[in-house]
Amino acid sequence: MTDRSRSPEERRAPHELFLRISPELRLFLPTRHRGADALPVPHDGTSSLVHIVQSAGVPLTEVGALVLADGRRVGPEHRPEAGETIRVEPVERPQRVPDGPPRFLLDVHLGTLARRLRLVAGLDTAYHNDMDDAALVEQANAERRVLLTQDRGLLMRRQLWMGAYVHGSRPDDQLADVLDRFAPPLAPWTRCTACNGLLDGVPKSEVEHLLRPGTRRTYDTFARCRDCGHVYWRGAHGSRLEELVAGAAESVRTAEP
């Protein structure tokens with residue numbers, strides 16, 4: 001048998017090991033490695049799996065089971081031997097969050113998703129359009145919020161208690177991905193899109209002085225944010241929002257075990 005006809009593991013070098021990256025996680029790898037069945041990586045004898053996997057490009061927040069060739073599961077602190085093969089699986093869905101229903105913090109690039117998580121899903125969602133990475137990690141940790149981002153480097157910060165990569169370029173797809181991953185309890189039409197405050201129903205007579213004449217004539221049911229006072233009603237985009245609410249509910253039903 002020639003060396004070229006042997007599998008990567010059979011040609012293993014004395015100072016490397018192999019990662020079998022699940023197809024769902026290969027988007028995090030450099031393009032040249034995404035088709036590899038077994039990715040060879042350097043082995044220095046001291047690095048733990050968390051360091052090895054993240055050095056390959058996969059944030060630990062996206063990793064579920066780490067499985068040795070003999071089927072044993074190991075933790076991210078495991079220090080593999082030279083020549084070992086480790087299977088890297090994606091995080092199991094729906095993912096449970098410690099301390100109850102998930103609360104979220106979104107980075108600067110996910111503003112539309114933040115508004116949809118608030119109004120369409122009624123989820124406690126913090127968002128700032130001027131916060132740097134260090135401040136995001138600090139707030140996520142202090143408030144026990146899951147940090148949602150498409151920045152792999154941010155997810156790899158060792159101080160971050162919990163985060164998740166958001167799949168999709170369209171807000172609809174991003175919303176479906178977050179709901180599929182966490183399957184949170186939904187409470188649509190209960191949060192302010194502007195500040196994340198809770199909404200209360202309010203008589204028309206209390207807010208009509210804030211309304212334009214056309215809105216005053218056409219609508220009778222209103223809600224107001226407890227925190228910032230913003231007034232809401234089912235306007236011209238109501239049917240579109242109803243579709244989003246129905247889609248959100250279906251995403252959660254599908255994700256539930």
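The values are calculated or read from the model by the stated rules, or taken from the named source; none is laboratory data. Computed from a predicted model, the values in this text were never measured in an experiment. In this analysis, Cβ positions are derived from the backbone assuming ideal geometry, glycine residues included, and neighbour counts consider all displayed protein chains. Areas reflect the complete protein model, heavy atoms only, side chains present, ligands, DNA and RNA absent. Shrake-Rupley method; radii C 1.70, N 1.55, O 1.52, S 1.80 Å.
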Checklist entry - In deg cm²/dmol, rounded to 500, what helix-only [θ] at 222 nm does the chain give when every DSSP H run of at least 4 residues adds -39500 (n - 2.57) and the total is split over its residues? => result -8000 deg cm²/dmol
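Counting GluC sites (Glu not before Pro) as exposed when in a DSSP loop with at most 12 other beta carbons within 10 Å, what is the longest stretch of the chain free of them?
Working: sites that count: 10, 77, 81, 92.
That gives 93-257 as the longest site-free run.
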Checklist entry - Based on the Cα atoms of region 57-132, what semi-axes does the equivalent ellipsoid have, where each is the square root of 5 times one gyration tensor eigenvalue, given in whole Å with the largest first? => result 35, 15, 10
Checklist entry - Can you run phi through the Karplus equation (6.51, -1.76, 1.60; θ = phi - 60°) for region 109-121 and list ³J(HN,Hα) in whole Hz, with x for Gly and Pro? => result 8, 10, x, 5, 4, 4, 5, 6, 4, 6, 7, 6, 10
Item to check | ³J(HN,Hα), Karplus 6.51/-1.76/1.60, whole Hz, each residue of region 225-232, x for Gly, Pro | outcome: 6, 5, 8, 9, x, 4, 9, 10
Item to check | Nearest-ten-degree value, helix 171-182 long axis tilted from longest Cα axis of the chain | outcome: 70 degrees
Next on the checklist: To the nearest 20 Debye, how big is the dipole of the chain about its Cα centre, given +1 on the beta carbon of each Lys and Arg and -1 on that of each Asp and Glu?
Outcome noted: 500 debye
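What do you get for Rg/Rh over region 142-233 if you use C-alpha atoms and the Kirkwood form of Rh?
Working: Rg = 18.2 Å, Rh = 16.2 Å.
Dividing the radius of gyration by the Kirkwood radius yields 1.12.
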Next on the checklist: At 1.4 Å probe size, what's the solvent-accessible area of residue 161? Round to the nearest 10 Å².
Outcome noted: 60 Å²
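First compute the accessible area of the chain with a 1.4 Å probe, then give the percent of it belonging to carbon and sulfur atoms. Could the numbers behind the result be given before it?
Values: 6730 of 13830 Å².
C and S atoms contribute 49 percent here.
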Item to check | Principal axis dimensions, largest first and in whole angstrom, of region 16-73 by Cα | outcome: 27, 22, 21
Next on the checklist: With θ taken as phi - 60° and the coefficients 6.51, -1.76 and 1.60, list the Karplus ³J(HN,Hα) couplings across region 83-96 in order, rounded to whole Hz; mark glycine and proline as x.
Outcome noted: x, 5, 10, 10, 8, 10, 9, x, 4, 6, 10, x, 8, 8
Next on the checklist: Using +1 at the C-beta of Lys and Arg and -1 at the C-beta of Asp and Glu, which of 166, 23, 39 has the Cα lying farthest in the positive direction of the dipole of the chain?
Outcome noted: 166
Checklist entry - Once the dipole of the chain is set up with Lys and Arg at +1 and Asp and Glu at -1 on Cβ about the Cα centre, which of 207, 248, 95 lies farthest towards its positive end? => result 207
Checklist entry - Under 5 Å between amide H atoms, partner at least 5 residues away or on a different chain: which partners does residue 163 have, H built in plane at 1.01 Å? => result 147
Item to check | Cα-only radius of gyration and Dmax that characterise region 26-152, units Å | outcome: 17.4, 51
Checklist entry - What residue among 123, 19, 210 has the largest mean-square fluctuation in a Gaussian network model of the chain, using Cα springs under 10 Å? => result 210
Checklist entry - With all pairs of different alpha carbon atoms counted, what Kirkwood hydrodynamic radius in Å does the chain show? => result 20.8 Å
Item to check | With Cα atoms, 0 to 90° folded angle of helix 133-143 axis to the chain main axis | outcome: 70 degrees
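Taking only the alpha-carbon atoms of region 116-196, what semi-axes of the equivalent ellipsoid follow from 5 times the gyration tensor eigenvalues under a square root, in whole Å, largest first?
Values: eigenvalues 88, 45, 28 Å².
One finds semi-axes of 21, 15, 12 Å for region 116-196.
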Checklist entry - In whole angstrom, how long is each semi-axis of the equivalent ellipsoid of region 55-95, when you take the square root of 5 times every eigenvalue of its Cα gyration tensor and sort them from largest down? => result 19, 13, 8
Checklist outcome for this item: Across 183, 126, 38, the residue with the highest GNM fluctuation in the chain (Cα network, 10 Å cutoff) is 38
Checklist entry - Say we join alpha carbon atoms closer than 10 Å with springs in a Gaussian network model of the chain; which of 56, 164, 135 then has the biggest fluctuation? => result 135
Checklist entry - Between the helical axis of 238-255 and the dominant principal axis of the chain, each derived from Cα atoms, what acute angle in degrees is found, rounded to the nearest 10? => result 40 degrees
